[in-house]
Every structure is written in structure tokens, then in C-alpha cells.
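Undergrad: Sharing a structure here in C-alpha cells format.
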Amino acid sequence: MTAREPFEPGRHCPACPSVRHPKDTEYSQHREREQDQNEDEIPNIQQQQQHRFTASRLTRSGWLCRAEDHADVVVDRPWTQSAPGLLAAQSSYFTMDLENNNNTPLTGKETEKCAEKRKCVITLDEKQGESKRLKKEESNVEATSRPPAQSPKKRLHLNGKPTQNKDLNFTYGNYKHYYGKRILNKDFHDIRLDVLGTQSDLFRNKQLLDIGCNSGHLSIQIARKFEVKSLVGLDIDRSLINDAQRTVSHLKRQATPVQGIPYIQFVHGNYVLEDDVLLDIERPQFDVILCLSVTKWIHLNFCDSGLKQTFRRMYLQLRPGGKLILEPQSFDGYKRRKKLSEQIRDNYNAIKFRPEHFTEYLLGPEVGFAEMKLMGIPEHCKEGFKRPIQIFTKS
Ligand SMILES: C[S@@+](CC[C@H](N)C(=O)[O-])C[C@H]1O[C@@H](n2cnc3c(N)ncnc32)[C@H](O)[C@@H]1O
């Protein structure tokens with residue numbers, strides 16, 4: 001060991017700035033912070049070992065401990081249990097020379113002298129006695145100053161720090177990697193394309209609106225595969241729209257003049273209007289409106305009234321002869337999501353307008369579609385994704 005300035009309380013360790021204070025209470029706080037940053041509660045062995053002590057010795061200012069990977073640290077008592085590897089450090093203390101506090105290399109004579117002294121100063125019994133004393137001292141301190149052991153998650157909670165509920169980020173079904181779940185093979189093939197493809201004429205050279213387009217993967221596939229005239233994708237989640245816009249820009253840059261890319265635009269917004277009165281200014285502007293796996297999210301967030309308004313708005317935005325392609329989720333799937341937030345739970349409990357009523361409502365006087373046909377049910381490997389796709393036609 002080389003001599004170093006003892007590490008004063010409150011000073012940063014030059015080699016490891018995160019270890020600020022040599023006292024073990026603060027050391028353990030440092031360790032706790034490291035663990036809290038881990039998402040799971042499994043302790044990170046590597047991190048624990050980061051602060052192993054290879055040796056320690058008593059100096060005037062306290063115990064000088066040598067960490068394996070950073071500067072010497074002075075502690076005001078031995079770290080017998082607070083740091084992994086300390087027992088090893090403790091025993092190496094007894095094999096070190098008490099006199100040689102600056103750890104300079106010893107000459108042969110000096111070594112002999114020290115060996116003699118060591119025999120006098122520390123006998124084996126004393127060594128064991130000292131070990132016991134240190135352990136006792138340590139356990140006393142443990143009992144008084146240490147908080148009871150807790151999982152990092154519980155500590156976070158008790159410390160009053162805000163806990164992040166990840167679910168709150170996805171209350172609109174705005175999953176970041178949504179299409180990962182729907183891919184059935186490596187080529188990113190959404191099985192719904194097969195069902196839509198059975199009536200590809202519905203899309204060819206038409207103007208489409210895709211409500212709740214997520215990151216735009218399916219919208220882009222539809223636009224390209226079925227050669228639409230234009231497609232507007234709308235989503236309530238801005239970051240998903242940003243992703244979709246980036247994908248389109250990338251495609252445009254890569255496309256050759258021969259290939260061509262249909263006009264695709266992604267827009268951020270909530271399809272549910274602030275007030276029903278705004279429906280009065282709607283006008284027909286699309287040939288096809290896609291509403292795939294979105295009704296549940298509009299329903300849970302904006303209740304029966306929000307979803308009914310959505311259906312009326314779709315109708316108003318379609319040209320005569322226009323088609324609404326609807327893939328509603330079943331009510332069974334709502335239940336799982338009601339835990340997402342208090343608001344969603346209240347909305348869920350207030351639902352009276354069930355998915356089994358949608359068709360009747362869409363064909364009824366409040367909306368006015370002329371007919372409904374079943375387009376198909378995708379053969380998805382997961383039961384939950386085998387949702388009927390319906391076509392509603394405006395007369
Ligand atoms: C489950 S994903 C379905 C994505 C896509 N339609 C599909 O089927 O592949 C639901 C999407 O609807 C969006 N969404 C939910 N409520 C919305 C609203 N009121 N207005 C616009 N988008 C909404 C979410 O952000 C999410 O991206």
C-alpha cells in the first residue's frame with residue numbers, strides 16, 4: 001500500500017466521486033442509491049464488489065481502509081459488516097505491521113523488529129478477543145443506527161420519493177413497441193393485412209384516415225401495399241407520431257422515382273372533440289376511415305359519450321359511399337385495463353354502451369351508416385388479437 005492523505009469526512013474520494021463520506025452510514029446510503037437505480041431488486045454483485053476493502057489499519061484519524069478500486073478511506077470504526085469483504089480486510093489488518101503506517105517497503109532488519117513487536121503486541125488470543133469486540137461493537141451500532149433492511153422499492157416508498165407508475169404512460173394504449181406483439185414472422189407481417197387485402201379495391205387510389213395510428217407501421221404498410229392516394233395517420237401520443245414521421249421521411253429519402261411513395265402524413269391529436277358542438281363544422285373529406293384496436297382506449301378514457309361522438313364524427317368525415325373499417329376490442333379486454341388509473345376505473349364502472357351495442361348504434365338514427373359487413377377475423381396466434389374487422393358503409 002502507498003501512503004495517502006487520510007480521507008476527511010465530507011471530502012470526495014478523488015478516484016470515486018460518488019463515495020463522498022467515509023462514514024459507513026453514508027456509505028450504505030450510497031449503496032442504497034445504487035441499488036435503487038436497478039429496476040429489479042436483485043442486488044448487483046459487481047456493484048457490491050466495487051467497494052471491497054483489501055486491507056485496513058488503525059491510524060490516529062480512524063481506520064484507514066484500502067478499497068480495491070479507489071483511494072484509501074478513513075472510517076471512524078471498522079467496517080466489519082457494512083461492506084462486503086471487510087472481514088477479509090479485518091484479518092489482513094492483523095497481518096499488517098502496526099508500526100508501518102505509511103506502508104513503505106521495510107528493510108530486512110525492520111521486518112524482523114516488527115515481527116518481534118507483533119508477537120508481543122498481538123497474541124492469538126488477543127486477536128480473537130479483538131475480533132469478538134469488533135463484532136460486538138458493530139452489532140451494537142447496527143441495532144441503534146441502522147434502519148431495518150428493506151427492499152429498494154419499499155425504501156423508495158417510505159422515503160416519500162415519488163414512485164413512477166409505468167402504467168400511467170400507456171393509458172391510451174399508446175404502447176411504444178406495439179407492433180412487436182403483432183408480428184408473426186420476421187418480415188413484419190401484420191396478419192390483419194391479409195384480411196384487408198381480401199378487399200384491396202377499397203383502398204386503391206383512395207383517401208384514408210387512420211385513427212390511432214400508433215408509430216405508423218401498419219398505416220405505412222396499408223398505404224404502400226394497397227396503393228392509396230393519400231393517408232393521414234392521427235395519434236394522441238406525440239412521441240409515437242414523431243416516430244411515424246421519422247419513418248416516412250426515411251422512406252421518402254430511400255425511394256427511387258420509379259417506386260414512388262404515396263402521400264402519407266402523420267398528425268398528433270386527440271380524435272375526441274372537446275365539445276359535441278364542434279361536430280357541426282365537420283365535412284366529408286375521406287373515402288376510408290380506419291379505426292383498428294382503438295375503441296377500447298377511447299371508451300376507457302372518454303366514456304360512452306366520447307365514443308359515441310367518435311362514431312358520429314367518423315360518419316360526418318366520410319364521403320358518400322365511404323367506408324369505416326372498424327376493429328373493436330371485446331369488453332372482456334377492458335377489465336384488465338381498468339387498473340391503469342383511478343379515472344379509468346371510474347369510467348369503466350360507468351360504461352353502459354357495450355361493444356355488442358356498437359353495430360346497432362352505428363346503423364341507427366344517431367349515426368346513420370347504411371350497412372355493415374364482416375370483412376374477416378384475422379387468424380392471429382393470440383386469442384386476444386382475433387378481433388372481427390367490420391366494414392360500415394355510408395350511403
Ligand atoms: C392499441 S393501439 C392500435 C394501433 C393501430 N391502430 C393498430 O391497430 O395497429 C391504440 C392507439 O390509439 C391511440 N389513441 C388512443 N386514444 C386516442 C385518441 N383519443 N385519439 C387519437 N389516438 C388515440 C393510442 O395512442 C394508440 O397508439
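Undergrad: Would you calculate the separation in nanometres between label points at Glu342 and Asp201, each defined as 7 Å from the Cα along the Cα-to-beta-carbon direction?
TA: 5.5 nm
Undergrad: Follow-up question, since we're still on this one. Which loop trypsin sites (Lys or Arg not before Pro) in segment 289-395, with loop taken from DSSP, have no more than 13 other Cβ atoms within 10 angstrom of their Cβ?
TA: Here the sparse-neighbourhood loop sites are Lys352, Lys382, Lys386.
Undergrad: While we're looking at this one, here's another question. What spacing in nm lies between the two simple spin-label points modelled at Ala350 and Thr393, each 7 Å away from Cα in the Cβ direction?
TA: Going from the Ala350 label point to the Thr393 one covers 3.8 nm.
Undergrad: Please go through the residue pairs Lys176/Lys225; Lys225/Lys339; Lys352/Lys394 and name each one whose alpha carbons sit more than 31 Å apart in this structure.
TA: Where the Cα-Cα span goes over 31 Å, the pairs concerned are Lys225/Lys339.
Undergrad: How much FRET efficiency would the formula 1/(1 + (r/R0)^6) give for Thr359 and Ser305, where r is the Cβ-Cβ distance and R0 is 22 Å, rounded to 0.05?
TA: Calculated value: 0.75.
Undergrad: Let me ask something else about it. Please identify the GluC sites (Glu not before Pro) of segment 329-388 that satisfy two criteria: DSSP loop assignment and at most 13 other Cβ atoms within 10 Å. Which are they?
TA: Glu366, Glu379
Undergrad: What's the FRET efficiency of Thr171 with Val258 using the Cβ-Cβ distance as r and R₀ = 35 Å, to the nearest 0.05?
TA: Efficiency at R0 = 35 Å is approximately 0.20.
Undergrad: Another question, if that's okay. List, in the order given, every pair from Lys338/Lys373; Lys229/Lys373; Lys206/Lys373; Lys252/Lys382 whose Cα-Cα distance in the structure shown is over 22 Å.
TA: Check vs 22 Å cut-off fails for Lys338/Lys373; Lys229/Lys373; Lys252/Lys382.
The numbers here are math on the coordinates, done by the rules we state, and not lab data. Computed from a predicted model, the values in this text were never measured in an experiment. Reconstructed Cβ throughout: ideal geometry from the backbone, glycine too, with neighbour counts over all protein chains shown.
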